[in-house]
1. Between a first residue in the stretch 158-173 that is more than 13 Å from GLY139 (Cα to Cα) and a second residue that is loosely packed, with under 14 Cβ neighbours inside 10 Å, which pairs have beta carbons less than 9 Å apart while being 6 or more apart in sequence or on different chains?
2. Could you please tell me which pairs satisfy a Cβ distance under 8 Å, a separation of 6+ or placement on different chains, a first residue in the stretch 32-49 that is closer than 24 Å to GLN12 by Cβ and aromatic (Phe, Trp, Tyr), and a second residue that is open to solvent by less than 60 Å² (accessible area, probe 1.4 Å) and modelled with pLDDT under 90?
3. Filter the stretch 157-178 down to the residues that are within 38 Å of the chain's Cα centre (by Cα) and open to solvent by 40 Å² or more (accessible area, probe 1.4 Å), then identify the one that is nearest to ALA126 (Cα to Cα).
4. How many residues does the stretch 141-190 hold that are of a type outside the set (A, V, I, L, M, F, W, C) and part of a loop (DSSP other than H, G, I, E, B)?
5. Which ones in the stretch 104-140 are in a loop (DSSP other than H, G, I, E, B) and modelled with pLDDT under 85?
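The values are calculated or read from the model by the stated rules, or taken from the named source; none is laboratory data. Not measured: the values here are computed from a predicted model. Cβ placement follows ideal geometry from the backbone for every residue including glycine, while neighbour counts extend to all protein chains displayed. Only protein heavy atoms, including side chains, enter the accessible area calculation; ligands, DNA and RNA are left aside. Shrake-Rupley method; radii C 1.70, N 1.55, O 1.52, S 1.80 Å.
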Amino acid sequence: MSNRPDDHEDEQWLSALAGKADASADPLVNAQATALRSAMQARNAKLDAQVPLADAALYEQTLFRLRREGLMKKRSLWEMPQVWGLAATVVIGIAVTVQVQTSADRGGEDILRGGSTVLIVADPEARLAELLDSLKAAGEVPKVERVKDGRVVVKVKATQEVLDALLAQRIEPKVTDGMATLVLQPTPKK
């Protein structure tokens, strides 16, 4: 607090306005603050008496008048963000359900599971012959499996020699459990 007399007088006036008049204060300061306090309380009581308490019926009446006078439009269901969130959730749920069902319906025959490198080639059998030659030269004999749709699956032990032979052909297979799996897939027909 500062030591200026005006500040002390202001504090006494504010205390009197708050309803805590200082007996040592100038009587004029207390009288002014008390008069202003009484006037403000009277005005507050008058406003409280004039303004009705808010209730549901008054709220509905106000909304009705606003809509009737065109000041408030009824919001469309699609303008609410909660509806968009719900719609997105439903779509994602349906998409996941359909995808899970179609995967189960296939029986897993044509689903490529992790750990394989897919090579899309014009002639899988010709590319297989090249791969077999290079893999045999690297000292490993791969296991070859032909799938219904024309794909050829080649599994080979991933030794350093095999990986070097494949890298020489610019093939970097993913190695899983010490095995490299290559899938030769024919070019899609147009």
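1. GLN169/GLU130
2. Short answer, once both residue conditions are applied: none.
3. GLU172
4. Going through the stretch 141-190, the residues of a type outside the set (A, V, I, L, M, F, W, C) turn out to be 142-143, 145-146, 148-151, 155, 157, 159-161, 164, 169-170, 172-174, 176-178, 181, 185-190.
From the residues that got through so far, the ones that are part of a loop (DSSP other than H, G, I, E, B) too are 142, 148-151, 159, 169-170, 172-174, 177-178, 187-190.
Number of matching residues: 17.
5. GLY107, GLY108, GLU109, ASP110, ILE111, LEU112, ARG113, GLY114, GLY115
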